[in-house]
Amino acid sequence: MREGLFLKMLKYTSHILFSFLRYRVSATPTPQTRCFSTKKITRTTNLNDYFKSQNLSIQQESILEAITKTQSVFISGPAGTGKSFVVSLATELLRRKIYQPSEVFVTASTGVAACALNGQTLHSFAGIGLGEGDKEVLFRKVLKNAKACGRWRTAKALVIDEISMIGCELFEKLEYIARNIRGVAYMNKPWGGIQLIVSGDFFQLPPIVKQKQGFGKEFAFEAMFWNDSFDLQVELTQIFRQTDTEFIDLLQGVRRGRKDEHHLGVLYRCCNELRDSLETVPNLFPRNVDVNRVNEERLRRLGKETFKYIARDSGKNPWKGQLKLGMAPDELEICIDARVMLIKNKDLSAGLVNGAAGTVIDFVEAAGKKHCGICANGLLPKVRFDSGLVAVVNPETWEVVEGDVKLATRTQIPLILAWAVSIHKCQGMTLECLHTDLSRAFGYGMVYVALSRVRSLKGLYLSGFNSSKIKAHPKVLEFYDKSFCS
Ligand SMILES: Nc1ncnc2c1ncn2[C@@H]1O[C@H](COP(=O)(O)OP(=O)(O)OP(=O)(O)O)[C@@H](O)[C@H]1O
């Protein structure tokens, strides 16, 4: 009886404590020169000291504390609030301190997002192929797949990044599989008792769903068990990517589909400021056909000798296939003066980070076997980054890891042509400057994703902009107003 009362009080106190996290606080800009400790978490790490060394915001720290207590958490918030950053720390924490590495599965809705976390797509983890068929059909499909069954049954924690692109139907089907595959003892628990760490911003790119007729629900938050799936739902509010308060306000408005006259004026001015210097600025396009066309045209226009780098892959499908869908291309063709962009963090302190743009200035002999056999002549590109830093870009390896086991790898030069990039591919990136042609923007959230990549208004150039392209889905607005009211 007493124990019941104690548990109730504990639940009530934690409810009060965490309900404050559901409320927004004003976006406070912070300096961007903070550096993070690269210290690894081990079983003996003192977590208070570790959190301090990471310069976490109060909200970020509270999330990690809740995760340490094995709570299931939904981490949301505007672009640049550090959702992915917290997810990476949470993964380390879960693997090194709370569970065994093999009990923690890291997934994302898309190949690009999964590769960024060295994880796998949610579809591959679940063993559901394309996810077609009703929940019972998929459940039986998973039962026939010993490896997928093994994953579901060993999982103690499941990380899902970029949830905005997972549809409601799929979320419900996966919950059903989790609940039914893990044995009778877990049938009454949401997700069969697996601790969920889910992250994403529903104001960003929505799911591409083939709707079952009459289903009527699109977003994962509309799922039957959404609220029961989490002990804590947090909207991070402190923005780290931008520091200029006017730009932060503008982005917050665009995120919620607001067409404030002052902000529209600012955006239309960004259209008028197109200059010659645009030659070197990355162009973000809504559609891949435009991306490929522009990159191809600009490469050929240079008329220089090109060098090809062919990705080297290991492992089996579907993991190998997932790496193909990631950022590193099958074949990278570049030449001197080609505009390129880094697609992996190489040296945070030197600013060699995912999204850093530059120009190829030379090809140099690779020391030792550093070219990893991905280019015929053994030469590696030397790039002058826009920050002024010059670096030879060595091959990097992307991995699909399950626990401590590598399922597949791809080795390639971590560069892509950067005259043009698709808005879908740059979700998650931070860019110093960009030009985006929004004339063919479609759907909800696309304008917001494009604009929020850049650190400041100084670096933003627009064309084809029309205020009707700023759109927030009414259901998303309602969900955020209900769940994180101010
Ligand atoms: N506590 C922090 N202190 C300083 N910088 C931080 C902190 N948290 C995150 N950042 C930095 O802010 C930038 C944006 O973080 P991140 O990409 O994780 O944001 P996000 O919310 O996932 O954005 P998006 O929705 O666009 O993917 C990164 O450069 C990251 O290193």
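Numbers for the structure displayed
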read-out: Verdict on Phe442 being assigned to a loop (DSSP other than H, G, I, E, B), touching a Cys at 6+ places or on another chain (Cβ under 8 Å) and surrounded by fewer than 23 Cβ atoms within 10 Å (Cβ to Cβ); value: no
read-out: Any hit, segment 27-37, residues being at pLDDT below 90, touching a Pro at 6+ places or on another chain (Cβ under 8 Å), crowded, with 16+ Cβ neighbours inside 10 Å and small (Gly, Ala, Ser); value: yes
read-out: Checklist (1) modelled with pLDDT under 75; (2) within 16 Å of the ligand (Cβ to nearest atom) applied to Ser19, failing item; value: (2)
read-out: Residues of segment 332-355 classified as without any contact (Cβ under 8 Å) to a residue 60 or more places away in the chain and either assigned to a loop (DSSP other than H, G, I, E, B) or among the β-branched types (Val, Ile, Thr) (or both), total; value: 6
read-out: Whichever residue in segment 353-365 is at pLDDT 80 or above and of a type in the set (A, V, I, L, M, F, W, C) and, among such residues, is nearest to Phe307 (Cα to Cα); value: Phe363
read-out: Index of the failed condition, Ser468 passing every other in (1) modelled with pLDDT under 95; (2) within 24 Å of Thr237 (Cβ to Cβ); (3) surrounded by fewer than 22 Cβ atoms within 10 Å (Cβ to Cβ); value: (2)
read-out: Residue selected from segment 100-112 under the condition under 20 Å from Glu162 (Cβ atoms) and at pLDDT 85 or above, by the criterion surrounded by the most Cβ atoms within 10 Å (Cβ to Cβ); value: Ala108
read-out: Tally of residues being of a type outside the set (Ser, Thr, Tyr), more than 12 Å from the ligand (Cβ to nearest atom) and surrounded by 19 or more Cβ atoms within 10 Å (Cβ to Cβ) across segment 59-91; value: 4
read-out: Pairs with Cβ under 8 Å, 6+ apart, first in segment 232-243 and assigned to a strand (DSSP E or B), second among the charged types (D, E, K, R) and away from the ligand (no atom under 11 Å from the Cβ); value: Gln233/Arg22; Val234/Arg22; Glu235/Arg22; Glu235/Arg24
read-out: Hits in segment 244-263 - residues which are out of contact with any Leu (no Cβ under 8 Å at 6 or more places or on another chain) and either part of a helix (DSSP H, G or I) or within 16 Å of the ligand (Cβ to nearest atom) (or both); value: Thr245, Ile248, Asp249, Gln252, Gly253, Arg255, Glu261, His262
read-out: Enumeration of residues in segment 265-298 that are among the basic types (Lys, Arg), outside any loop (DSSP other than H, G, I, E, B) and at pLDDT below 90; value: Arg269
read-out: Positions within segment 113-133 being surrounded by fewer than 23 Cβ atoms within 10 Å (Cβ to Cβ) and either under 18 Å from Gln204 (Cβ atoms) or within 16 Å of the ligand (Cβ to nearest atom) (or both), in sequence order; value: Leu117, Asn118
read-out: Those residues of segment 138-182 which are of a type in the set (Gly, Ala, Ser), surrounded by 18 or more Cβ atoms within 10 Å (Cβ to Cβ), part of a helix (DSSP H, G or I) and modelled with pLDDT under 95, in sequence order; value: Ala148, Ser164
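Every residue, every condition in (1) within 16 Å of the ligand (Cβ to nearest atom); (2) in a strand (DSSP E or B); (3) surrounded by fewer than 19 Cβ atoms within 10 Å (Cβ to Cβ), yes or no:
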residue	(1), (2), (3)
Leu380	no, yes, no
Gly388	no, no, yes
Asn394	no, no, yes
Trp398	no, yes, no
Gly428	yes, no, no
Thr436	yes, yes, no
Tyr448	yes, no, no
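The values are calculated or read from the model by the stated rules, or taken from the named source; none is laboratory data. As the structure is a prediction and not an experimental result, all values here were calculated from the model. Virtual Cβ from ideal backbone geometry, glycine too; neighbours counted across all protein chains shown.
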